[in-house]
Amino acid sequence: MFNFLKGVVGGSGGGQKDLPYNIGDPYPSAWSSWSHFRGTSKDDGSPVSIFSLSGSNPQDGRLAAGRNGVKRLRTVRHPNILSFLYSTEVETVDGSGTKVTIYIVTEPAMPLSEKIKELSLEGTQRDEYYAWGLHQIAKAVSFLNNDCKLVHGNVCLESVVVTQTLDWKLHAFDVLSEYDGTGGTATGPMLPYEWLVGSQYKSVELAKSDWVAIRKSPPWAIDSWGLGCLIYEIFSGMKLGKTEELRNTASIPKSLLPDYQRLLSSTPSRRLNASKLIENSEYFQNKLVDTIHFMEILSLKDSVEKDTFFRKLPNLTEQLPRQIVLKKLFPLLTSALEYGSAAAPALTALLKIGSWLSAEEYTLKVLPTIIKLFASNDRAIRVALLQHIDQYGESLSARVVDEQVYPHVATGFVDTSSILRELTLKSMLIMAPKLSQRNLSGSLLKYLSKLQVDEEPAIRTNTTILLGNIASFLNDGTRKRVLINAFTVRALRDTFSPARGAGVMALCATSSYYDTTEIATRILPNIVVLTIDPDSDVRSKVFQAVDQFMQILKQSNEKSNAGDTAHAGSLGLASMPGNAGLLEWAMSSLTLKGKPSDQAPIAASNSVRPVTTTTAASSETPSMAPVRVSSSSDFADAPAPPSPTSTDGCGEIENGIHEEQYSDKDGWDDIEPLEEPKPSSVLANIQAAQKRPVSQPKPQATSLRSKSTVKAVATKDEDDDLWGSIAVPTPKIASKSLKVKTSGAVEDDDPWAAIAAPPPTTKAKPLSAGRGRGTKAAAPKLGAQRINRTSSSGMQ
């Protein structure tokens with residue numbers, strides 16, 4: 001035990017191994033005979049403060065007062081009183097006698113005088129911080145005097161410490177004692193250890209040891225005088241030397257001066273109670289005190305007050321001392337968001353304050369809160385997270401995005417709110433590069449296949465834009481299966497002209513992923529027909545695209561003629577218009593559609609129509625009349641896209657998202673086969689693409705039956721794949737239909753005649769047999785005619 005004490009006092013040695021805390025460097029100042037050390041826990045390395053008091057005699061009065069301080073600090077708990085963690089007392093014997101040391105371990109704190117020097121605040125910010133600190137100490141003194149009927153006895157600069165969150169806390173309880181003024185019979189000293197208090201801090205009655213007057217005075221009389229001493233030391237910047245210096249009020253703020261004078265009244269009964277100081281002082285009514293006080297009682301505020309407060313908070317933080325905002329306000333804000341007491345606008349303030357932190361602090365303090373918020377069911381919080389994802393998205397690691405963030409974000413793809421669906425779509429620009437191939441090629445593409453038939457045209461357009469941007473993150477097989485099908489079969493046939501334009505630009509931007517065969521047989525036939533598009537912007541993009549793809553084919557031909565066949569079949573022009581700056585184009589388009597939606601109220605309803613859709617439609621198309629590529633009669637001869645509103649697909653997504661084979665079913669499989677198409681199939685696709693906008697002259701009845709048959713086939717394929725309903729029929733489907741029906745009248749120029757319904761003449765015989773009309777009258781049928789006449793006469 002003796003070696004232990006020697007090691008602890010010396011800061012090293014074998015004795016420290018028995019103490020659960022490591023003792024570090026000392027602070028230059030501490031109250032009375034105590035020493036104040038920095039320290040850390042041996043268990044987890046967390047910081048602590050360690051106070052030590054040594055005496056040469058176990059019966060030393062300072063040690064007795066120190067034991068009183070340990071007991072009081074352990075039992076008195078208050079937010080503005082230093083938190084007790086651990087205490088011990090050890091003895092050691094040396095050549096001169098026995099030495100006793102008391103240790104107190106508390107939460108980490110440093111002396112107020114040292115913290116004031118470190119912060120170096122000036123002007124209004126200094127006054128606001130001092131006001132906040134005095135407000136906290138006044139609450140602690142009020143708690144002791146009014147609630148506990150205790151007298152601290154030595155409130156001064158040295159009895160106040162500052163925590164890591166810049167809170168002021170009261171300690172040094174060696175003199176603390178019960179107030180026994182109501183007894184009337186006590187005659188001895190009420191404060192047994194008042195001799196530890198410096199004479200400059202003693203009130204008039206305490207300096208005279210007039211215990212009769214002290215017992216007749218209110219419980220707060222002695223500590224109110226101490227508060228006055230503390231105020232003087234704070235604003236004068238120097239330690240109080242003698243009592244007469246308290247009359248120098250030049251450094252005291254004018255708004256605090258009346259209360260300062262009442263605290264130092266020569267008459268104990270007229271001194272200001274600490275509780276009244278908190279309630280009435282004009283000095284404590286400032287932005288910093290009000291802001292922190294609001295955050296501390298946030299759970300008691302209603303939703304309107306919270307919303308108003310958090311909308312003003314980002315601008316307010318610019319006016320407050322930055323160190324206080326980072327160390328005091330920021331922890332309160334993160335805690336409020338994590339536990340759900342803060343409104344969605346608080347996220348804006350959190351990200352703004354977080355931008356002042358270093359990269360390491362941002363990762364440790366901001367990102368964990370954001371990751372937790374993604375699991376929130378509050379739609380307003382989810383919208384706020386997606387709106388600001390550009391501010392923190394790059395700081396999220398790929399593993400966190402793929403495993404913790406994306407599963408929660410993906411629920412927004414099927415949300416009833418179109419604003420949330422659109423914001424979820426935009427967020428994939430940042431998240432997609434960090435997703436695994438399982439989530440990217442499987443889950444995400446499945447959701448995007450649904451969004452390409454969304455009821456909102458802006459969402460359909462943005463889906464095409466997103467696919468063009470994330471194409472580089474897809475593997476080769478997925479790109480071959482998805483890109484051309486998504487851009488041609490869906491985007492180029494969309495009735496919304498910006499969606500068609502986006503499809504053309506996306507094809508140009510991803511031209512490096514297509515070989516010459518795909519360009520000649522699948523891309524050019526689909527975009528050439530849009531050269532007569534009703535929208536001039538679409539036409540201009542189409543002509544640029546045709547020039548780009550023709551240039552690719554020309555270069556391929558030149559290389560083939562030169563003998564370089566290694567790369568002739570796969571050639572892209574990264575420098576062609578439409579490739580460069582696609583990300584910028586996509587971001588500008590998404591931002592245009594996202595800004596108006598930020599103002600839409602989404603938390604109050606389950607389904608909100610976005611402002612962005614109407615805005616985008618009106619701004620991107622001069623007239624909404626000619627947005628359709630083909631007339632209704634044209635679609636009788638070509639497969640019409642299904643109504644976007646009829647495609648929900650939520651069950652299909654949820655049921656298939658976690659299956660092992662899910663990555664092979666992304667919503668585009670059945671449009672075009674993955675293997676190279678047969679020549680006859682390619683020719684059929686080209687002819688269908690070329691004939692789609694042209695009306696085919698044919699009998700009306702046959703056209704209607706053909707259209708009805710197409711709808712029936714589309715409905716069946718819809719259950720198996722989202723894209724089957726609009727895909728051009730392959731020879732496989734046509735041959736199957738021909739085997740079922742062998743009709744002699746099949747038009748060579750109609751791709752749908754092979755699966756058309758049979759003519760009505762095939763059912764003439766059953767109708768004749770059922771009714772008896774058109775045949776000779778027979779005896780058994782006369783009765784039937786008589787019944788008909790009776791029925792007719794009866795109805796008359």
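The table below lists the values:
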read-out: Helices (runs of 4 or more DSSP H) within segment 457-513 that include 3 or more residues touching a residue at least 12 places away in the same chain (Cβ under 8 Å) and over 20 Å from residue 441 (Cβ atoms); value: 457-470, 497-509
read-out: Scan of segment 315-333 for residues that are within 21 Å of the chain's Cα centre (by Cα) and open to solvent by 20 Å² or more (accessible area, probe 1.4 Å), ordered by number; value: 315, 326, 331, 332
read-out: Filter pass, residue 409 being within 30 Å of residue 165 (Cβ to Cβ) and of a type in the set (A, V, I, L, M, F, W, C); value: no
read-out: Residue tally, condition out of contact with any helix residue (DSSP H, G or I) (no Cβ under 9 Å at 6 or more places or on another chain) and touching a residue at least 24 places away in the same chain (Cβ under 8 Å), over segment 114-139; value: 3
read-out: Residue among 49, 32, 54 that alone is of a type in the set (Gly, Ala, Ser), within 26 Å of residue 239 (Cβ to Cβ), at pLDDT 95 or above and buried (at least 16 other Cβ atoms within 10 Å of the Cβ); value: 49
read-out: Condition broken by residue 270, with the remaining ones in (1) crowded, with 17+ Cβ neighbours inside 10 Å; (2) under 30 Å from residue 213 (Cβ atoms); (3) at pLDDT 90 or above satisfied; value: (1)
read-out: Among (1) surrounded by fewer than 19 Cβ atoms within 10 Å (Cβ to Cβ); (2) modelled with pLDDT under 90 - the single one residue 26 does not satisfy; value: (2)
read-out: Filtered residues of segment 133-173 (kept if hydroxyl-bearing (Ser, Thr, Tyr) and under 18 Å from residue 69 (Cα atoms)); value: 159
read-out: Among the candidates 314, 268, residue that is over 19 Å from residue 142 (Cα atoms) and of a type outside the set (Asp, Glu); value: 314
read-out: Subset tally (residues that are open to solvent by 10 Å² or more (accessible area, probe 1.4 Å) and more than 26 Å from the chain's Cα centre (by Cα)) for segment 458-478; value: 4
read-out: Residue within segment 349-356 that is surrounded by 15 or more Cβ atoms within 10 Å (Cβ to Cβ) and in contact (Cβ under 8 Å) with a residue 40 or more places away in the chain present; value: yes
read-out: Subset of segment 410-437 (residues that are closer than 19 Å to residue 458 by Cβ, among the hydrophobic types (A, V, I, L, M, F, W, C) and touching a Ser or Thr at 6+ places or on another chain (Cβ under 7 Å)); value: 413, 419, 425
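Okay, residues lined up against (1) surrounded by fewer than 21 Cβ atoms within 10 Å (Cβ to Cβ); (2) among the hydroxyl-bearing types (Ser, Thr, Tyr); (3) not assigned by the TED database to the domain that holds residue 133:
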position	(1), (2), (3)
227	no, no, no
230	no, no, no
236	yes, yes, no
277	no, no, no
293	yes, no, yes
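The values are calculated or read from the model by the stated rules, or taken from the named source; none is laboratory data. This is a predicted model, so every value here is computed, not measured. Cβ atoms come from the backbone with ideal geometry, glycine included; neighbour counts cover every protein chain shown. Ligands, DNA and RNA are excluded from the accessible area calculation, which covers all protein heavy atoms including side chains. Shrake-Rupley method; radii C 1.70, N 1.55, O 1.52, S 1.80 Å.
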